[in-house]
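Below is one structure, written out as structure tokens; the observations come after it.
The values are calculated or read from the model by the stated rules, or taken from the named source; none is laboratory data. Model, not experiment: these values are computed from the prediction. Neighbour counts are summed over all protein chains in view; Cβ atoms, including those assigned to glycine, are modelled from backbone coordinates with ideal geometry. Remember, those area values only see protein heavy atoms, side chains included, never the ligands or the DNA or RNA. Shrake-Rupley method; radii C 1.70, N 1.55, O 1.52, S 1.80 Å.
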Amino acid sequence: MAEETHIVKRAIIMAAGIGKRMQPLTFETPKPLVKVNGVRMIDTVVDGLRENGICEIYVVVGHLKEQFFEWGKEKGVQIIENPYYDTCNNISSLFVARDHLGDCIILDGDQIIYNPAILDPHFALSGYNAVWCEGETNEWLMDVEDGVVKSCSRTGGSHGWQLYSISRWTTEDGEKLKQHLEYEFDRGNRQIYWDDVAMFCHFEDYKLGIREMQESDIIEIDGLDELVAIDHSYQSYLQKQEKAED
């Protein structure tokens with residue numbers, strides 16, 4: 001394993017999305033601010049960062065952005081508005097935060113961090129947190145050799161490292177990522193995930209590693225059904241969603 005010579009100095013949290021799979025709940029509350037068993041999802045992210053000494057935190061907002069302003073003051077984070085959130089994919093959120101990419105960690109705001117140790121600021125190679133997946137998954141799956149990512153499948157598979165939306169970037173790779181974001185965004189490639197930029201569009205320009213973790217360290221809640229499985233108080237929203245789909 002390469003020596004851990006880099007230290008995260010700042011964080012970028014992606015929190016601009018509409019949260020379609022959580023509607024109708026997200027008609028009134030942005031997904032990262034949804035409380036799960038009494039705690040906002042994004043609070044677990046911010047608190048986990050602070051536990052690891054990462055205090056320069058930028059939060060990119062769009063959908064129902066006004067709800068983040070007071071929250072941001074309370075949490076002592078800096079808010080960046082994404083004016084493209086409703087017409088572009090999340091490449092637009094990193095594009096508007098691209099000046100903060102050096103020695104940074106990038107995370108989604110709509111996940112629950114159970115083990116703050118997975119946000120450790122020390123790292124060797126730019127790359128993603130990952131969980132070993134023995135069985136089948138339809139999530140992004142990386143092939144890793146000697147700690148270096150050799151390829152990634154968008155359609156999943158088995159016997160690989162499942163990519164999670166926590167990534168660290170060195171100063172050098174952050175500058176490359178900024179340039180690649182600008183290139184893709186300016187040429188109109190705006191319906192991709194920002195992760196596509198380094199993992200697929202310009203993969204050969206990076207040497208990416210992984211940060212191993214366990215599935216129990218984090219929960220990514222994609223839809224209302226997954227939310228209800230953890231917090232039964234949202235059962236009525238699931239019933240509304242099912243009724244709307246009938």
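Of all DSSP beta bridges in the chain, what percent run antiparallel (nearest 5)?
Numbers: 25 of 44 bridges.
That works out to approximately 55 percent antiparallel.
Convert each backbone phi in segment 75-81 into a coupling constant with the Karplus relation 6.51 cos²θ - 1.76 cosθ + 1.60 (shift: θ = phi - 60°), then list the ³J(HN,Hα) values in order as whole Hz, x for Gly and Pro.
8, x, 10, 9, 9, 10, 8
For the chain, what does -39500 (n - 2.57) per DSSP helix run (n ≥ 4), summed and divided by total residues, give at 222 nm, in deg cm²/dmol to the nearest 500? If you can, show how the numbers build up before the last one.
Details: 6 runs with 61 residues, N = 246.
Calculated from helices alone, the mean residue ellipticity at 222 nm is -7500 deg cm²/dmol.
Quote the accessible area belonging to Thr171 in square angstrom, nearest 10, computed with a 1.4 Å probe and with ligands, DNA and RNA left uncounted.
80 Å²
Might you report the magnitude of the Cβ-based charge dipole of segment 156-231 about its Cα centre, with Lys and Arg at +1 and Asp and Glu at -1, to the nearest 20 debye?
Working: 7 positive and 18 negative charges, 67 e Å.
Computed charge dipole of segment 156-231: roughly 320 debye.
Once you put a point 7 Å from the Cα of Lys20 and another 7 Å from the Cα of Ala124, both along the Cβ direction, what distance in nm separates them?
Roughly 4.0 nm, to one decimal.
By how many degrees, 0 to 90 and rounded to 10, does the Cα axis of helix 41-51 deviate from the longest principal axis of the chain?
Here the helix axis deviates by roughly 40 degrees.
At R0 = 25 Å, how high is the FRET efficiency between Asp47 and Glu81 if r is their beta carbon distance? Nearest 0.05 is fine. Write down the numbers at each step before the final one.
On the way: r = 23 Å, r/R0 = 0.93.
So, using R0 = 25 Å, E works out to roughly 0.60.
Quick one: ranking Cys55, Cys104, Cys201, Cys152 by accessible area, 1.4 Å probe, largest first, what do you get? List each step's numbers first, then the result.
On the way: Cys55 80, Cys104 0, Cys201 55, Cys152 25 Å².
Reading off the accessible areas and sorting them downward yields Cys55, Cys201, Cys152, Cys104.
Run the Debye formula on the Cα coordinates of segment 46-144, all scatterers equal and no solvent, and tell me log10 I(q)/I(0) at q = 0.14, 0.15, 0.19 1/Å.
-0.67, -0.77, -1.15
Scanning the chain for trypsin sites (Lys or Arg not before Pro) in DSSP loops with at most 16 other Cβ atoms within 10 Å, what's the longest stretch left with none? Show your work: numbers first, answer last.
On the way: sites that count: Lys9, Arg154, Arg187, Arg190, Lys207.
By the stated rule (loop sites, at most 16 other Cβ atoms within 10 Å), 10-153.
Take Thr87, Thr26 and sort them by solvent-accessible surface of the protein heavy atoms, 1.4 Å probe, largest at the top.
Details: Thr87 90, Thr26 0 Å².
The residues order as Thr87, Thr26, largest area first.
Take the Cβ-Cβ distance between Glu245 and Glu4 as r, set R0 to 51 Å, and report the resulting FRET efficiency rounded to the nearest 0.05.
Numbers: r = 48 Å, r/R0 = 0.93.
E between Glu245 and Glu4, to the nearest 0.05, is 0.60.
For helix 235-245, what angle does its Cα long axis make with the longest principal axis of the chain, in degrees from 0 to 90 and rounded to 10?
90 degrees
Counting only C-alpha contacts under 8 Å and six or more residues apart, can you give the relative contact order of the chain as a whole percent? Please list the in-between numbers first.
Numbers: 494 pairs, mean separation 60.2, N = 246.
About 24 percent, as a whole number.
Could you work out the relative contact order of segment 60-169? I mean the mean sequence separation of Cα pairs under 8 Å and 6+ apart, divided by the number of residues, in percent.
Working: 154 pairs, mean separation 26.9, N = 110.
The normalised contact order for segment 60-169 reaches 24 percent.
Within segment 143-163, what residues put their amide N at less than 18 Å from the label point 7 Å along the Cα-to-Cβ vector of Tyr193?
Answer for this model: 143-144, 149-163.
Quick check of the Kirkwood formula: for segment 155-242, what is the inverse mean of 1/r over all pairs of different Cα atoms, in Å?
Details: mean 1/r = 0.0616 Å⁻¹.
Result for segment 155-242, one decimal place: 16.2 Å.
Are there GluC sites (Glu not before Pro) in segment 91-142 that DSSP puts in a loop and that have at most 14 other Cβ atoms within 10 Å, and which ones? Walk me through the intermediate numbers first.
Working: sites: Glu134, Glu136, Glu139; in loops: Glu134, Glu136, Glu139.
Those satisfying the criteria are Glu134, Glu136.
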